[in-house]
1. With a ≥ b ≥ c taken as the square roots of the eigenvalues of the C-alpha gyration tensor of region 1-49, please select rounded if a/c is under 1.5 and otherwise prolate if a/b is larger than b/c or oblate if it is not?
2. Could the peptides 27-33, 117-123 be put in order, highest first, of the mean number of other beta-carbon atoms found within 10 Å of their residues?
3. Arranged from highest to lowest average of other beta-carbon atoms within 10 Å per residue, in what order do the peptides 102-113, 7-18, 208-219 appear?
4. Give me D for region 171-253 in µm² s⁻¹, whole number, from Stokes-Einstein with Rh from the Kirkwood sum over alpha-carbon pairs, 20 °C and 1.002 mPa s.
5. Could you list which residues have their amide H under 5 Å from that of residue 215, counting only those 5 or more apart in sequence or on another chain, with H placed in the peptide plane?
6. How do 6, 22 line up, fewest other C-beta atoms within 10 Å first?
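Nothing in this text is a laboratory measurement; each read-out follows from the coordinates by a stated rule. Quantities reported herein were computed from a predicted structural model and do not represent experimental measurements. Glycine also receives a Cβ, built like all others from the backbone with ideal geometry; neighbour counts cover every protein chain displayed.
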Amino acid sequence: MSLIKSNQLCAGQKLPSTREISVLFQINRITVSKAYEELQTQGWLKSFVGCGTFVSPHIPEAEPEVLRNVSEKKTQKVAGFPIFSQSNFDLKLSTVNRELHLDDGFPDPKLAPLKELYRAYRNQLTKGGFYYKYGCYANPAGSDVYREAISDYLNKTRGLKTTAKNIISVKGTIMGINLVCNGLIDAGDVIVSGVPGWGRAERNFIHAKAEHITIPVDENGLMIDALKNICRKKSANAICNASSSLSHNGIAAN
């Protein structure tokens, strides 16, 4: 790798075989093979069956830049950089400081099958072409197999009629709620949620400048009679069921 970085090995240049390298440096051929595989995984090398191993043609051939003399007076004395707060994004998330905190909990790491996970990771990482198969950017909405499975589950359990195109994967509930608010909620829209609810979700509603209306909840979630009374007076644009039943959180929007 250092020879490639220093331009001693150029893009497209053919490398000696693993057998030749092992004889030259008097090391085990398996060690050389694993080093080649690692460099292929990182994108430094390309291997072609019957042709050999070459330096990746995508490596730029850049000349080293000569450093200029910088006056000491112009250097920054303190690390970091200034941040000018000009945004109106005032969504503040408070930390939990209560004695009793209810959530889904965290798994005990002692119960994790570490030996099996280590064996599976090592088996995959030692295979050639791993980077080009798994190291590239995937569909930001989630893999096709995953979205098709979610769509099939919703259709069978919720009576919906969806396809994989209707499913988008996000990195957490708060991100999903924020996307719904930014994409579907306009200032003045009505959002109904239960009390007790979820403060972080409610702050997203307030940030979207929506009219937030709360209704009581019972052991089954939102009280439907109270929701009917609100809908007789106003048209609700979204209903959020993020009550104390954390395992059944959900949000629906018109």
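1. Details: a/c = 1.72, a/b = 1.41, b/c = 1.22.
It comes out prolate by the Cα gyration axes.
2. 27-33, 117-123
3. The most tightly packed comes first, giving 208-219, 7-18, 102-113.
4. The estimated diffusion coefficient comes to 169 µm²/s.
5. Distant-sequence amide H within range of residue 215: 193, 194, 195.
6. 6, 22
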